[in-house]
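I have a structure here, written as structure tokens, and I will follow up with some questions on it.
The values are calculated or read from the model by the stated rules, or taken from the named source; none is laboratory data. Fair warning: this is a prediction, and the values are worked out from it, not measured in the lab. Cβ coordinates were reconstructed from backbone atoms using ideal geometry, including for glycine residues, and neighbour counts include every protein chain displayed.
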Amino acid sequence: MGNYNFDAIIDRRGTDCLKWDSNGSPDIHPMWVADMDFAVAPQIQKAMEKRLSNPVYGYTFHGEGLINSIVSWVGRRYGWEISGEWLAFSPGVVPALSMSILALTNPGDRVLIMTPVYRPFYNSIRENGRVIIDNPLLKDENGRYSIDFDLLESQIDSRCKVMMMCNPHNPAGRVWTLEELQRLADIAKRHDLIVISDEIHADFIYSGHKHISIASLSEDMMQRTITAYAPSKTFNLAGLCQSYVVIPNKRLRDAFMGVYDALDLGSNIFGMTALTAAYNEAEDWLDELLSYLEANRDYAVNYIRENIPQIKVYPPDGTYLLWLDCSALGLEKEDLNRFFLEQAHVRMNAGYRFADRCGSFMRLNIGCPRSMLTEGLERIRTAVSNSKI
Ligand SMILES: Cc1ncc(COP(=O)(O)O)c(C=O)c1O
């Protein structure tokens, strides 16, 4: 028995909770958006209560305690010694991706992404008037993804300024290896690309894998990379809108700060309090959570393989997201999504949102108490077996 109870069920309904309150019907079992159903670490709650008890919630700034907690976390957890001066802040990783694009590219410039990938990657490029270069990941017969390096390099031209990465990769579940990252770093150097690396899932790494920040590979990579991290997935603090970026290169950092200052985003009292408590005091909670999630992953993969053979699943190296190949069901895109909503009463994320060609995939969130996971899997099994496929 550990110190924390990840089996506890917390009723989140009626709190304007995106995951539970926005599904149109209370019958829907939510296994979509990357948000976990666990209580926050008690160390974080205590720190928040302490801050709450001082009843003035005026302007704040990103102080030394916060910065030191981040520098220490990145060193301890990811093995990268950073300086506090390299830090900049953002209300979220997605806004940080957009600010980076705005700061470092011009309208019409091209940005390379590896797909399928988290939907806002597309938006941060397209909605800001830049052009996407779509590099499809390769998938082997077991469903494991890898990078098509030759294609990727052939897609880079003089208008391609940025490679935007996701590590660990959502939804492919890959934790990129040292060798893969080195090959990407070589390509970035050869073509003088800026790298924007979204590492928001960096703390969800399962046995046998290791998170490596691409910026930490060499001085050259440090100078060309913006890395975005956050405690929001790790400690389930997404509602507190607190993330940060590490930008060792002064020119890139100044450009980022130009956009940031223009937006005058300020700082968030409770986001800062929660981050500091999480990083300084709640590491043992995270280590226990990781064991729980790894058991959830193994349980869900075995359950699907044994009971829902129509759905193919490959165990992710990291993240609490399973990428399900539902092609045997013969449904695509919204029809597939509707099938799970209407027949299973389970909401997942539809695969085509991650890449147009992934219409027969769904993304399942396993970041919940085991009983909730079982409930969702049983609903899916019943719906699939009733559909006589
Ligand atoms: C790869 C990736 N980046 C960013 C985010 C969201 O980040 P934020 O809420 O900090 O904007 C998510 C959430 O699912 C994600 O999976």
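Considering (1) within 16 Å of Thr234 (Cβ to Cβ); (2) within 21 Å of the chain's Cα centre (by Cα); (3) more than 16 Å from the ligand (Cβ to nearest atom), say which one Leu321 fails and leave the rest.
Failed condition: (3).
Here is a follow-up. Assuming Glu179 fulfils every condition listed in (1) without any contact (Cβ under 8 Å) to a residue 24 or more places away in the chain; (2) part of a loop (DSSP other than H, G, I, E, B); (3) under 23 Å from the mean Cα position of the chain (by Cα) apart from one, which condition is it?
With (1) without any contact (Cβ under 8 Å) to a residue 24 or more places away in the chain; (2) part of a loop (DSSP other than H, G, I, E, B); (3) under 23 Å from the mean Cα position of the chain (by Cα) applied to Glu179, the lone miss is (2).
Considering every residue within region 99-110, establish whether at least one is within 17 Å of Asn167 (Cα to Cα), within 15 Å of the ligand (Cβ to nearest atom) and among the hydrophobic types (A, V, I, L, M, F, W, C).
no
With respect to Ile67, is the statement that it is more than 16 Å from the ligand (Cβ to nearest atom), assigned to a helix (DSSP H, G or I), among the aliphatic types (A, V, I, L, M) and under 27 Å from Gly367 (Cα atoms) true?
In short, no.
Every residue, every condition in (1) in the same structural domain as Arg77 (by TED's automatic domain parsing); (2) touching a strand residue (DSSP E or B) at 6+ places or on another chain (Cβ under 9 Å), yes or no:
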residue	(1), (2)
Gln223	yes, no
Pro231	yes, yes
Gln242	yes, yes
Leu263	yes, no
Ala277	yes, no
Ala295	no, no
Val313	no, yes
Pro316	no, yes
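Just to be sure, is Asp192 in a helix (DSSP H, G or I), at pLDDT 95 or above and either out of contact with any Phe, Trp or Tyr (no Cβ under 8 Å at 6 or more places or on another chain) or closer than 17 Å to Asp35 by Cα (or both)?
Spelling it out, it is not the case that Asp192 is in a helix (DSSP H, G or I), at pLDDT 95 or above and either out of contact with any Phe, Trp or Tyr (no Cβ under 8 Å at 6 or more places or on another chain) or closer than 17 Å to Asp35 by Cα (or both).
Going through region 305-318 one residue at a time, which ones are over 23 Å from the mean Cα position of the chain (by Cα) and either part of a loop (DSSP other than H, G, I, E, B) or in contact (Cβ under 8 Å) with a residue 12 or more places away in the chain (or both)?
Result: Asn307, Ile308, Pro309, Gln310, Ile311.
Let me ask something additional. Just wondering, is there one or more residues in region 259-270 that are within 20 Å of the chain's Cα centre (by Cα) and within 16 Å of the ligand (Cβ to nearest atom)?
no
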